[in-house]
Amino acid sequence: MADAGAGPRYRAADLTAYAAALLAAAGCDGDKPETIAAGLVEADLLGHTTHGLNLAPGYLNELAAGRMTPTGDPEVVADRGAAVTWDGRRLPGVWLAAKAVELAADRAAAHGTATVVVRRSHHIGCLAAFLQRATDRGLMALIASSDPAAATVAPFGGRRPVLTPDPLAVGVPTGGDPILIDVSASITTNGMAGRLHQEGGRFPGAWALDADGRPTDDPAVLFADPPGTLLPTGGTDHGHKGYGLALLVEALTQGLGGFGRADRPDGWGAGVFVQVLDPAAFGGADPFVRQTGWLAAACRDCPPAPGVDAVRLPGQRGLERKRRALAEGVPLYPGLLAALVPYSEKLGVAPPRPIT
């Protein structure tokens, strides 16, 4: 698989402005273009290249086809102060998720914790890209997402897809760099599986099952007829752990939202769960970072196992990559900007120039 670190680099601000201009020209109103663009570029800054600007062509196609709502606000289904439910009306999911984190963070200041659940959202992109909206304010955030219209992951012991990768992200302030956890209930994501299949690659291990239930490292089985399935985290050995996590995520996102697989929806979308906690409302803000800071240091100081250069915290490498990209320019995955050229020409938006 190609390396996103090679090739030209671009200023993050230029990439954000370019994506925002495309989305505005495609009909998105208000602050949606800038918010969506910033979320996609943030994913690329952190190294989540399947969920950054790589998603922009798909989003633009959805807007052009009328499957993503470009204007307006979500409908408030319920609001009890610390518990809010929105009907996302298939508005851009990156925008909805960003707004949900902001609202939950504001409400957490008053209630100690606040939860926003969004049903009928469009795809929300990279979950890790939202976490610093909370951790920069000294708050802890949990974000989960599922797609009730898709099925690419079988329950443990099964061979027919029922679930989606069901990611869960957690942002933890530490007094220094935050811990940024972004995991999924499946061994890998649909985006990575699609990229490997397109490039003729293989999984590093037996991460999938073919339609007959046989383990394989070939992502092509997911696109066969009938399709195979991604395995839950833990694979054929301990996959009950990923299966359990998936059930939790689907309950948080679809169950609490009151809309999901039981409604047989169609189209690319998401159910979203966002919860923000203010440590000041519990044991105190300073005691919180004293504990999490100690834990972070203890993990980094742990002697590495043979073949490991150093113990890292979740998100550490991404934040290092982000700092370098902001200083030296963002490396884009090969072919990404070329895929956006037709949209640039159609919408009259000039692509950014690389740093020289």
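What follows draws every value from the coordinates through simple rules; no lab data is involved. Given the structure is predicted, the values throughout are model-derived calculations rather than measurements. Reconstructed Cβ throughout: ideal geometry from the backbone, glycine too, with neighbour counts over all protein chains shown.
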Q: List the residues whose amide H sits under 5 Å from the amide H of Ala208, counting only those 5 or more places along or on another chain, with H placed 1.01 Å from N in the peptide plane.
A: Thr216, Leu231
Q: In whole Hz, with x marking every Gly and Pro, tabulate ³J(HN,Hα) for region 343-352 from phi via Karplus 6.51 cos²θ - 1.76 cosθ + 1.60, θ = phi - 60°.
A: 6, 4, 5, 5, 9, x, 10, 6, x, x
(Q) Expected output is a single nm value to one decimal: the length gained when fully extending between Arg9 and Asp217, i.e. 0.36 nm times separation in residues minus the C-alpha distance. What is it? (A) 71.6 nm
Q) Of [x] 53, 50, 47; [y] 63, 46, 34; [z] 76, 51, 36, which one was derived for Cα extents along the principal axes in Å from the structure shown? A) [x]
(Q) Using the basic label-point model (7 angstrom from Cα toward the beta carbon), what is the Phe282 to Asp266 distance in nanometres? (A) 4.4 nm
Q.
Sorted from largest to smallest, which semi-axis lengths in Å does the alpha carbon gyration tensor of region 12-143 give for its equivalent ellipsoid, taking the root of 5 times each eigenvalue?
A. 24, 18, 11
Q: Let me have the relative contact order for the chain, percent, based on Cα pairs under 8 Å that are six or more residues apart.
A: 24 percent
Q) In sequence order, what are the phi-derived ³J(HN,Hα) couplings for region 190-196 according to the Karplus relation 6.51 cos²θ - 1.76 cosθ + 1.60 with θ = phi - 60°, rounded to whole Hz, with x for glycine and proline? A) 5, x, 5, 4, x, 5, 4
Q: Quick one: check the C-alpha center-to-center distance for region 234-266 versus region 280-328, whole angstrom.
A: 29 Å
(Q) In whole Å, what are the extents of region 188-230 along the principal axes defined by its C-alpha atoms, from largest to smallest? (A) 24, 20, 16
Q: Just subtract the alpha-carbon distance of Arg202 and Ala151 from 0.36 nm times their residue separation and send over the number in nm, one decimal.
A: 16.3 nm
Q. How large is ³J(HN,Hα), in whole Hz, for each residue of region 299-305 in order, when computed from phi with the Karplus curve 6.51 cos²θ - 1.76 cosθ + 1.60 and θ = phi - 60°, using x for Gly and Pro?
A. 5, 5, 7, 5, x, x, 6
(Q) Straight-line reach only, C-alpha to C-alpha below 19 angstrom: list the aspartates and glutamates that Lys32 could link to, leaving out same-chain residues fewer than 8 apart. (A) Asp14, Glu42, Asp44, Glu62, Asp73, Glu75, Asp87, Glu102
Q: With a point put 7 Å past each Cα toward its Cβ, work out how far Asp225 is from Leu326 in nm, to one decimal.
A: 4.9 nm
